[in-house]
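The block underneath contains the structure these notes are about, expressed in structure tokens.
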Amino acid sequence: MFSMPWSAYLPILAIVLLTVFSRQHKLTKRYVALAAAVFGLWTSASAQTRSATVTALTVTSNAAPASTVASGSVVALAATVKSSGTALTTGQVNFCDVSAKYCTDIHLLGTAQLTAAGIATLKFRPGIGSHSYKAVFVGTNSYAGSTSNASELTVTGTIPLLATAETINQAGSWGAYTLSATVTEIGNTVPPAGSISFLDTNHGNAALATGTLGSATRDVAWTNVNTSAPNLAGVYYAVADLNGDGIPDLFVQDYFGTYDVFLGNGDGTFTAKGSASVLPAKLVHSYWVISTTMAFPTSPPSMRWSTRQLAT
């Protein structure tokens, strides 16, 4: 015989109470508080139906535990999720910096699905500096979410000289000009510092004045790089680390139903590798699929999460 848990009757009871008292015009604060209490019990009981979980995070490089790696090394963040000592094999894990209040948006390093082995793994190449990572299990209908302890990692190396771009601005009128300059740099965690010289290019680059750079303003922008892909009309784009080198790659289905692989170079560009035959056998990845239309970019792309075998 079909039966329902007692907690399932609580919202029904609350609705009955509200209906009865409102019809009698006796809906007072006491009855509202009673209904709220009933709803509170139902919410608490519903939350208790999801089993608690414990998420653990390990950091490895070259298949060995790592706390310090050299710049350019591939690092693997591996998360396990257990409930009552049993490893979970379904669910999503997000990886991000410990300092992030919410593991979303620009704070999200990556997302991975728990596999049949009970492990969610993210491979990437972290930048130079000290990092602290955490893994966040988002939870399922049966299991509550949980967050791992922090795992520390130091990436050693010297940040190379990076290209800068300068723009000059003027204000005022004849005889009373004010010149200012802006220096833009991409890629370094340390803001540019130093001085700016204003030169008169009409008189042998004579120095007009020198100013000191003020405090920097951090911003987020796209780098101006591109990869040419002739004769490819892409319709579906899957982003994943296809060759395990810690750099995101592209798996593209074009308008004619053929597939192409573009391996990331780590600088925003990609190298075309032809068909999916360049991938390892039985490579399974979780990835975002971005679907465009012939009207793109005037029509926004749609996105969906998918896990499938990309090559056999």
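Observations on the model:
- Counting only protein heavy atoms and using a 1.4 Å probe, the accessible area of Ile168 comes to about 110 Å².
- Heavy-atom accessible surface of Tyr255, to the nearest 10 Å², is about 140 Å², with a 1.4 Å probe and all protein chains retained.
- Carbon and sulfur %, accessible surface of segment 61-151 computed with the full protein complex present, 1.4 Å: 50 percent
- Using a probe of 1.4 Å, the accessible surface attributed to Thr86 totals some 90 Å² when neighbouring protein chains are kept in position.
- Probe 1.4 Å, accessible area per residue of segment 92-157, Å²: 51 Å²
- Order of exposure, largest accessible area first, which applies to His203, His131, His107 with probe 1.4 Å: His203, His107, His131
The values are calculated or read from the model by the stated rules, or taken from the named source; none is laboratory data. Model, not experiment: these values are computed from the prediction. When the accessible area is computed, the model is the full protein with side chains, heavy atoms only, and any ligands, DNA or RNA have been set aside. Shrake-Rupley method; radii C 1.70, N 1.55, O 1.52, S 1.80 Å.
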